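No value in this document is a laboratory result; all are computed from the given coordinates. Everything numeric here is computed off the predicted structure, so don't read it as measured data. Glycine gets a Cβ as well: all are built from the backbone with ideal geometry, and neighbour counts include every protein chain shown.
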Amino acid sequence: MIPALRRYARALARDADIADDLVQDTLVRALRSERLFLGGDVRSWLYTILTNLNKNRRRSLARRPQFMPLLDNNADASGTEAEGRDIARALATLVEEQRSVLLLVMLEGLSYREVADIQGVPIGTVMSRLARARAHVKASLEGERTALRRVK
Amino acid sequence: MTDRNIPVTEDELHAYVDNELPAERRGDVEAWLASHPDDAARVQSWRAMAEALHARYDSVVDEAVPKRLEIERLVQQPRRWVYGAIAATLAAFVVGGSVGWLVRGATAGPSAFQNLTVHAIEAHRLYVVEVRHPVEVPGNERSHLQQWLTKRCGWVVRAPELAGLKLVGGRLLPGSAGPASFMMYESASGERFTIYTAKSEAGATQMRYSAQGNESALFWADRGVAYVVSGVGDRGRLTQIAQAVYDQMEKKGG
């Protein structure tokens, strides 16, 4: 389960260290609040904690001046191809809720129902966020390619 | 039969790609896509997007987990009393998320374990379409089924209780190395899932995912018994079921 949480966090936060901080905080919180866990799916619950922690992090970040690089410059072990950079860049342009929906559905393979529970919204909202996120990423990827072609 | 004249909505296209569409509507959407190239191109672009995401981020799953995230380390912190089900889930489901894409490589070299999974999926395909005789022993004879399969197989075979699914029943199958047990479950909407167990040479393995055509399977070994949970579509759903099966086997010890 931890490797999957790390993958989600990495794609969500775009910085390897911040991502692992998020995972660590998630695990600590989950283990400490076990008695608050009222049953249901542990996996969804962990994704919920991580999603909320990231939201809080961004909120506190927003109050400070921006130092964070907006683009993903971490050289990862694999996925070094231009395509990998493109998709990371496209993700970066999404608003938080849309990025989270997109990653939970497309990368982590959760169901619409699970994502609705994680975000605390109706399924219809999940679907419209997903549709907008996909349209946005598609446009962003295509825009980038057109731009590249023009330079050549 | 659904009405083919009902136009396919944008929501349905998404649901189709995400395996969230009711099975009876899939054919309609496929027919629609065949005659609507723009929509087909969009669907294709979403699939490519998923591939790109996995290509970019699946390597994270293969990385060694940093020391600071090891559960042993985290639970050594003051409040030891919290150690329990959550930690167990975290530890047990190591591969939970890599399901799907990562394991493509694993199917490259056929092993005894892979063969066994192929058998299980073949049995799934063969019996799931059966209307009148899907099983030998019906689900309302649960305890008899369990006793019989346990006796014939030589390991403890249990028909777990699965939320939202009804036990159709089970049968004994010839496996590549001795007998195998096969149990079928059905949802209210008629989707069928099967659980196959056989003797495994690997004592315990991580959970893996394999897809062949429409059918997909999650398989793992535990205490010398291999488990294969098969079904159609929705990976998330299959994972939930496999997790429930795993948890119930875990609880009963053995």
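Structural remarks
- 10 Å Cβ neighbours from other chains, averaged over peptide A:109-117: 5
- The local environment of B:G231, defined by Cβ-Cβ distances under 13 Å, has a net charge of 0 under the rule Lys, Arg +1 and Asp, Glu -1.
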